[in-house]
Amino acid sequence: MSANKYPEAHKLILFVEKAPFSAEDKTRMIQMLQTDGMTDESTSAVHQALTALPKEAYKDDWQHAKFMMDLATLLKQWQLVDGSKNFKHSR
C-alpha cells in the first residue's frame, strides 16, 4: 500500500480535476501539486489560473462563485493545518 506523499494536496488535486481548466493546465497543476505538495507558489498558481478563466468557461455566475468559495475553503483548511503544526499537541 503506497502512501500519498502530500495528503493535504489531494483535496486540491480533486478540485483542479473538477474545475473548468484546459487539459494542459490541469495536467500541469496536478503534476506540480504531486511533486511539490501544497506550497504558497502552487496554491497561488491555482488561484491565479481560476481567476484568469473567462466567464464563458462557467455555466453561470453561481458556478463561478462556488468554485471560488471552494478554493477559499481548501486554502483556509490548509493554512489552519499548516499553522497547527507549530503547536505542541500533547499536554
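Restricting the calculation to Cα atoms, the chain shows an Rg/Rh of 1.03 when the hydrodynamic-style radius is the Kirkwood one.
Annotation: amide H-H contacts under 5 Å for Tyr6 (H modelled 1.01 Å from N, sequence separation of 5 or more, or interchain): none.
Excluding same-chain neighbours fewer than eight residues apart, the aspartates and glutamates reachable from Lys76 by a Cα-Cα span under 20 Å are Glu8, Glu17, Asp36, Asp40, Glu41.
With a threshold of 27 Å on the Cα-Cα distance, the over-threshold entries among Lys11/Lys55; Lys26/Lys88; Lys66/Lys88 are Lys26/Lys88; Lys66/Lys88. Tell me, what is the FRET efficiency for Lys66 and Glu17 to the nearest 0.05, using R0 = 22 angstrom and their Cβ-Cβ distance as r? Using R0 = 22 Å, I get an efficiency of 0.90.
Per residue, the average separation of C-alpha pairs within less than 8 Å and at least 6 apart gives the chain a relative contact order of 30 percent. Listed values for the stretch 58-74 are Karplus-derived 3J(HN,Hα) couplings in whole Hz (6.51 cos²θ - 1.76 cosθ + 1.60, θ = phi - 60°), namely 9, 5, 7, 5, 5, 5, 4, 5, 5, 5, 5, 5, 5, 5, 4, 5, 4, and x replaces Gly and Pro.
Each value in this text was obtained by applying a stated rule to the coordinates, not by laboratory testing. Here the structure is a predicted model, which means the values were calculated and not measured. Note that each Cβ is placed from the backbone with ideal geometry, even for glycine, and that neighbours are counted across all protein chains shown.
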